[in-house]
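Take a look at the structure set out below.
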Amino acid sequence: MGNGAPLPSNETQRLAEVARFCTVDSEQDEVFDKIVAMTSAYFNVPITLISIVEEHRQWFRARVGLEATQTPREVSFCAYTTLDNLMLEVLDATLDPRFKDNALVTGAPHICYYAGAPLITADGFTLGTLCIIDRVPRAPMSERDAAMLKNFAELVMMHIGGVRSRNFVDQPTGLFNRQRFEEDIRQALQLNGACQIYAVDVISPAFLNDIVKALGYSFAAELIQAIKSRLQTLLPQDCLLYKISPTRFGFILNDGQPAAQICARILYHFKHPVQCQGIPIPMQVGIGVLPLLESEEPGRDWLRLVISAADEARDRQLGWSLYEPQFDAAQRRALMLLSSLPEAIDADTQFSLVYQPKINLSSGCSDCVEALLRWHHPLLGSISPAEFIPLAEKTALMPAIGLWVLNAIVQQAIAWKARGVCLRIAMNITVSDLENAGFVDAMLHEIRIHDLDPEDFELEFTESMLITKPEEVIRQLQRVRQRGIEVAVDDFGTGYSNWAYLKELPANTVKLDQSLISGLSTNQNDKHLVRTLIGLAKGLGYCVVAEGVENQETLDLLIQWGCSQAQGYLIARPMSPAALEDWIEQGRYTALVKP
Ligand code: C2E
Ligand code: MG
Ligand code: MG
């Protein structure tokens, strides 16, 4: 067996065409089956194949008379047709030096006669052949028969093209889909050397999901249809609209067309809600624009880049935004952090906890500390939890982080208890810790088996955690409160602080957000607000903690207004357990409270 047919000079592009036209081992197809049956009958041969020649193998899109579904490329007769796009006829393979030692000739299926007509794309690439095989030698084909085999091969090619176009259509809207969008971008670059691609985010995926849940799938489909119709009227003539994801459309324009003008027109018309079955649905449009040049790296993920620009435009309410490389840098960093997290959770050398004390403003004592997570990444150095926790929250990694922190505070509590240090440890939690009973079960179990006091633990959660599954979150918080664990609402006064909700929450502490506290010594409005918040929260029986206290003036105001506790750099920065013990021993912080 030799090395088979030499490679054609355009092999790289040819393989790319094969990948585009013939999705690997696609399902059985009745039309292809009929064509091979007809060809076999017409030529009266035992074997007929539609063979697709890939890098290392040929596989059969349809076949009669052969068991095998593929063979290595090195024994492929059909591979020879890719060299010159011409039909190959071998009258007696046992006499042909190219094939006489071929395993398909010397062994099953014992090919003797072979004729293959190439399957050629419009761009002139041969994907494979329609071939007929006999086990005995034959005389050369007549011109009429050769034309017939070519005709059958053309039929195959037409059907391959048809299947491919069907794969390019987004069924509900009838628009071309993402695959076709990418294909057309490539073509626009080849033809014009440059182009601009646009992604239009019309509504958020979460909003579409809510619509499906509230009004049903067919309403959502009709809404998308209505959005499509409005968008189509706003595009320049001859510009195709594509549907590139459930909530996004795309289009391509020539380089030089004014992006600002086109975006302004779309944004203006989408200020009005879209009507669907008489119901006005408000749109949240963000448009991303990515200019491309012919010199673009072919592997670059254009779609991801333009979509990130559209997301940015919508999230920051910019209307539209040109792709900027820093979005990509941010995404790459996010990806790198997320992919390093599993190792960080397991390694036990990258994560650590620091502790920041809170002081009691009436007694001047410190009997409670907040545990704050630190991550030392082996390459990137120290990463703030404010950066990696929100990323991890979007993945399934968050519960493991919660359990890591839980285990670490339990170990710390055991160590402090053994040394007679009495400190309550507050832990920050996220919604994934309370979405089901797992975390609370683990916490209660740890406290029980180590014979620790539940009152020596506190959980800090933020109100944003109540957005998705409020009932379950509240149920889990109630369980911990019932066992005597303290519960604090963190970052209160930001977001949508809701007093009606607060009453329902099984919390006993409210932590006023540092953004309110940092403005206290200068901002008159913050003064009124914080004073009122302290009064209201204390009136409802909460312990009120001010976080982010950085100067004495602020601390004095808080004492004057009856705030219960304070935490911040003025008092102490987050520190290691050993540093914290020294700090407590020195006891200098009491001077801050008692003039
Ligand atoms: P947070 O729970 O509101 O924590 C307070 C943050 O403010 C901490 O930042 C703390 O170091 C910082 N801080 C304390 N005093 C001052 C001050 O006087 N001035 C200023 N400017 N900042 C002060 P850190 O440690 O970077 O944590 C940021 C956020 O990350 C935390 O906000 C919390 O939401 C989250 N986080 C930290 N550790 C964990 C953890 O173990 N689990 C979870 N789920 N989240 C955590
Ligand atoms: Mg906190
Ligand atoms: Mg906070």
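Each reported figure results from applying straightforward, stated rules to the coordinates on display, with no laboratory input. Everything numeric here is computed off the predicted structure, so don't read it as measured data. Positions of Cβ are backbone-derived with ideal geometry, glycine not excepted, and every protein chain shown enters the neighbour counts.
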> What angle, in degrees between 0 and 90 and rounded to the nearest 10, separates the Cα long axis of helix 11-21 from the longest principal axis of the Cα atoms of the chain?
Replying inline: 80
>> As a footprinting exposure proxy, order S362, S9 by other Cβ within 10 Å, with the fewest listed first.
In response: S9, S362
>> Given Cα positions, please report Rg to Rh for the stretch 341-582, the hydrodynamic radius being the Kirkwood one.
In response: 0.95
> In terms of modelled amide H atoms, which long-range or inter-chain residues lie less than 5 Å from the amide H of L292?
Replying inline: C195, Q196, I197
> Could you put M148, M398 in order, starting from the residue whose Cβ has the fewest other Cβ atoms within 10 Å?
Replying inline: M148, M398
> D92 versus Q277, label points 7 Å from Cα toward the beta carbon: distance in nm?
Replying inline: 7.5
>> Apply the a/c threshold of 1.5 to the C-alpha gyration tensor of the stretch 273-366 and tell me whether it is rounded, prolate or oblate.
In response: oblate
>> Give me C239, C263 sorted ascending by neighbouring Cβ count inside 10 Å, so fewest comes first.
In response: C239, C263
> Taking only C-alpha pairs under 8 Å that are 6+ residues apart, what is the relative contact order of the stretch 176-323 in percent?
Replying inline: 32
> With N residues in the chain, what two-decimal value do you get for its Cα radius of gyration over 2.2 N^0.38 Å?
Replying inline: 1.39
>> As an exercise, identify the GluC sites (Glu not before Pro) in the stretch 458-490 lying in DSSP coil whose Cβ has no more than 13 other Cβ atoms within 10 Å.
In response: none
> Given the C-alpha centroids of the stretch 129-167 and the stretch 77-116, what is the distance between them in whole angstrom?
Replying inline: 16
>> Output the 0 to 90 degree angle, nearest 10, between the alpha-carbon long axis of helix 438-449 and the longest principal axis computed from the alpha carbons of the chain.
In response: 50
> Which aspartates and glutamates does K469 reach when only Cα atoms under 15 Å apart count, and residues fewer than 8 places away in its own chain are ignored?
Replying inline: D210, E393, D433, E435, E504
> Just how far, in whole angstrom, is the stretch 338-401 from the stretch 195-238 if you go by their alpha carbon centroids?
Replying inline: 40
> Where a Cα-Cα gap under 23 Å defines reach, which lysines qualify for K34, not counting those fewer than 8 residues away within the same chain?
Replying inline: K150
> Contour minus end-to-end for E222 and E472, with contour as 0.36 nm per residue of separation and end-to-end as the Cα-Cα distance?
Replying inline: 86.6 nm
> Among K271/K503; K243/K271; K394/K538; K271/K527; K213/K511, which pairs are too far apart, with a Cα-Cα distance over 30 Å?
Replying inline: K271/K503; K394/K538; K271/K527; K213/K511
> Going 7 Å from the Cα of S384 in the Cα-to-Cβ direction, what parts of the stretch 554-595 have a backbone nitrogen less than 20 Å from that spot?
Replying inline: 567-576
> HN-Hα J couplings of the stretch 87-101 from phi, Karplus 6.51/-1.76/1.60, θ = phi - 60°, integer Hz, Gly and Pro as x?
Replying inline: 5, 10, 10, 10, 6, 8, 5, 5, 9, 8, x, 5, 10, 4, 9
> Remind me, relative contact order of the stretch 341-582 in percent, using alpha carbon pairs under 8 angstrom and six or more residues apart?
Replying inline: 19
> Does anyone have the angle between helix 524-539 and the longest principal axis of the chain? Alpha-carbon axes, 0 to 90°, nearest 10?
Replying inline: 80
> So for the stretch 451-492, what percent of the C-alpha to C-alpha distances run longer than 17 Å?
Replying inline: 33
> Just in the stretch 468-575: which trypsin sites (Lys or Arg not before Pro) are loop by DSSP and have at most 16 other Cβ atoms within 10 Å?
Replying inline: R483
> the stretch 522-593 to the stretch 418-458: how many Å between their Cα centroids?
Replying inline: 24
>> Run the simple label-point estimate for Y268 and R374 please: 7 Å along Cα→C-beta, distance reported in nm.
In response: 5.6
